[in-house]
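One structure is given below, encoded as structure tokens.
The values are calculated or read from the model by the stated rules, or taken from the named source; none is laboratory data. What you see is a predicted model; the values in this text were computed from it and never measured. So basically every Cβ, Gly included, is an ideal-geometry build from the backbone, and we count neighbours across all protein chains shown. Side chains included, ligands, DNA and RNA excluded: accessible areas come from the protein's heavy atoms. Shrake-Rupley method; radii C 1.70, N 1.55, O 1.52, S 1.80 Å.
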Amino acid sequence: AFTGVKDGKVTGVYVFNGAKLAEFHAANLKRTTEALQRGQSVIVDNTNLQNWQITPYVLAADAAGADVLIVRCDGGYQGVHGVPADRVEAMRKSMETLDLEKARTAKAPWEK
């Protein structure tokens, strides 16, 4: 999280807290679902490497009757989380082609 926001602009320094990752993902999905249910357009900016990672968002959009467009930025961008280069490379190698039909039924590795 950033340390502050003033006049709509982020101030301070970004500090990643991996211990809160599951909590942040749940909150992000909740906000996304609520916005979709209100008929708002939503952009989900996240590290979605595999179809199962977008499943909850695709299903939330389906339930709200919203269209889904997958846009993947696959350049060599610098991250802000301080993830080591070898881990980023391992993540890059685990990337799947994201597909709406596959995402609708994809399961997390621990659900299989």
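Side notes on the structure shown:
- The condition of being open to solvent by less than 50 Å² (accessible area, probe 1.4 Å), small (Gly, Ala, Ser), within 23 Å of VAL15 (Cα to Cα) and modelled with pLDDT of 85 or more holds for only one of ALA103, ALA27, that being ALA27.
- Check on ALA108, touching a Phe, Trp or Tyr at 6+ places or on another chain (Cβ under 6 Å) and among the hydrophobic types (A, V, I, L, M, F, W, C): yes
- Of note, ALA64 satisfies the criterion of being of a type in the set (A, V, I, L, M, F, W, C) and modelled with pLDDT of 85 or more.
- ALA108 meets all of the listed conditions (1) modelled with pLDDT of 95 or more; (2) touching a helix residue (DSSP H, G or I) at 6+ places or on another chain (Cβ under 6 Å) but one, namely (1).
- Residue within segment 55-67 that is under 25 Å from GLY18 (Cβ atoms), part of a loop (DSSP other than H, G, I, E, B) and open to solvent by 50 Å² or more (accessible area, probe 1.4 Å) present: no
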